Structures are given as structure tokens and as C-alpha cells.
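Notes follow the structure.
The values are calculated or read from the model by the stated rules, or taken from the named source; none is laboratory data. Everything numeric here is computed off the predicted structure, so don't read it as measured data. Cβ placement follows ideal geometry from the backbone for every residue including glycine, while neighbour counts extend to all protein chains displayed. Accessible surface areas use protein heavy atoms only, side chains included; no ligands, DNA or RNA. Shrake-Rupley method; radii C 1.70, N 1.55, O 1.52, S 1.80 Å.
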Amino acid sequence: MIGWSSAEPIADGDDLPTWLTARRTRLTSTDIAKAMTPAGRALVIQEKLFGVERPDNPVFAYGRSREAAIAEQAEKRYGIHPNRFLFQGNGYAATPDGIGDDHELGEYKTSVNPAPQTFPRIYRDQVFMAQYVMGASRTLIGWEWHINNVPAELEPKFWWLERDDTRIAE
């Protein structure tokens, strides 16, 4: 599916039950990022063993609705195409928000906070693991700050996060 990646698409996010089942049976980049603390490891183990029901709420619904708009901007400005597939590679799985043509991914966040000076560690770890799964060299981060579910700025902020093989090896 992607000329530069050896990762294989294993589930389409448009088929939510199949996508969720595939995520439950694999360690994902999100799981690895969570598992970087003892409490996070316990949570990931519990979720994998017993499943997890995440109630929907307005914050999650807003993030899902805005991700498409952020992805559209990323595609126009940087050539990172929206992605809905769960990929498996190097023994792990990831669903990058976007995939570029040259070893690049996209990851998009909405937040009640302005874009940070330093990307939060849990998100960095998620991105680094997605890069490992996909064989990517860098990831375009898109950050949209909102107030009461209304964008606080005219456009999301974008910046590149380069691959960190030292952190990935940890």
C-alpha cells in the first residue's frame, strides 16, 4: 500500500468493530507510549486482558470531528495524506493520522492548551513507535488549540518531529 514502508495494513478504520478487534489483539504505538510508566503498564495489561469500554464524550467527539480538518490542512500544505488504516510492522501496530510519500507520517491533536514549546512525552513516544512500525523518518505534528470546542486560532500549528532511534530503543 505504501511504497516506502514494509508495514502491512491489517484493518480499515471505517470498519470500526474489525479495527477495534485488531487493536485489542496487538500492542499499538498508543499502548507502548502509555506503558512507559508503571501505572500505564498496568492499564495496558488490563485493557489487553479484559478489553476497555471508553465512553464517548464531547471532548472525544470534538477531536474526531476536527481531525479531518487538520488532516485536510496537512495534505494541502505538506502532502501528508489522511489515513484510516491500522498497520502492523516490526511486531507492533499503529494507525498514523496521515502518511506522506517520503517516509513521513502525520499525527494530529486537539487541545484546550496552546501548542506547547515541547511536545508532551506521551505523544512523542506514541509518534516514535508509529515511526518504528512504519519505518518513517519524521512526523508532521498538527496541533489545534480550542476553547469550549471552538478553534482558538485561524489554523492549526504544524511542526516536524524527527525520528529518535535512541528513544525508540528504550
Practice item. Tell me which residues, restricted to the stretch 69-96, are within 13 Å of the chain's Cα centre (by Cα) and either of a type in the set (D, E, K, R) or surrounded by fewer than 17 Cβ atoms within 10 Å (Cβ to Cβ) (or both). Key: ARG84
Check your understanding: Can you name the number of the only condition in (1) in contact with a Phe, Trp or Tyr (Cβ under 8 Å, 6 or more places away or on another chain); (2) assigned to a loop (DSSP other than H, G, I, E, B) that TRP4 fails?
Key -> (1)
**Study point:** Filter result for ARG24 (out of contact with any strand residue (DSSP E or B) (no Cβ under 8 Å at 6 or more places or on another chain), over 28 Å from THR166 (Cβ atoms) and charged (D, E, K, R))
**Key:** yes
Review point. Considering only residues of the stretch 97-123 that are within 21 Å of GLY40 (Cβ to Cβ) and under 14 Å from the mean Cα position of the chain (by Cα), which is surrounded by the most Cβ atoms within 10 Å (Cβ to Cβ)?
Key: GLU107
Practice item. Please verify whether the stretch 14-22 includes one or more residues that are assigned to a helix (DSSP H, G or I), surrounded by 11 or more Cβ atoms within 10 Å (Cβ to Cβ), in contact (Cβ under 8 Å) with a residue 40 or more places away in the chain and of a type in the set (A, V, I, L, M, F, W, C). Key: yes
Point to revise | LEU49 vs. criteria under 25 Å from PRO17 (Cα atoms), surrounded by fewer than 11 Cβ atoms within 10 Å (Cβ to Cβ) and among the aliphatic types (A, V, I, L, M) | key: yes
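For every residue, the table says whether it meets (1) over 14 Å from TYR108 (Cα atoms); (2) aliphatic (A, V, I, L, M); (3) modelled with pLDDT under 85; (4) not in a loop (DSSP other than H, G, I, E, B).
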{"position": "PRO55", "(1), (2), (3), (4)": "yes, no, yes, no"}
{"position": "VAL59", "(1), (2), (3), (4)": "yes, yes, yes, yes"}
{"position": "SER65", "(1), (2), (3), (4)": "no, no, no, yes"}
{"position": "ALA68", "(1), (2), (3), (4)": "no, yes, no, yes"}
{"position": "ALA71", "(1), (2), (3), (4)": "no, yes, no, yes"}
{"position": "LYS76", "(1), (2), (3), (4)": "yes, no, no, yes"}
Check your understanding: Can you name the residue in the stretch 124-170 that is among the acidic types (Asp, Glu) and touching a strand residue (DSSP E or B) at 6+ places or on another chain (Cβ under 9 Å) and, of all such residues, is least open to solvent (accessible area, probe 1.4 Å)?
Key -> GLU144
Exercise for review: Might you let me know whether the stretch 107-114 holds any residue that is touching a residue at least 60 places away in the same chain (Cβ under 8 Å) and over 20 Å from LEU20 (Cβ atoms)?
Suggested key: no
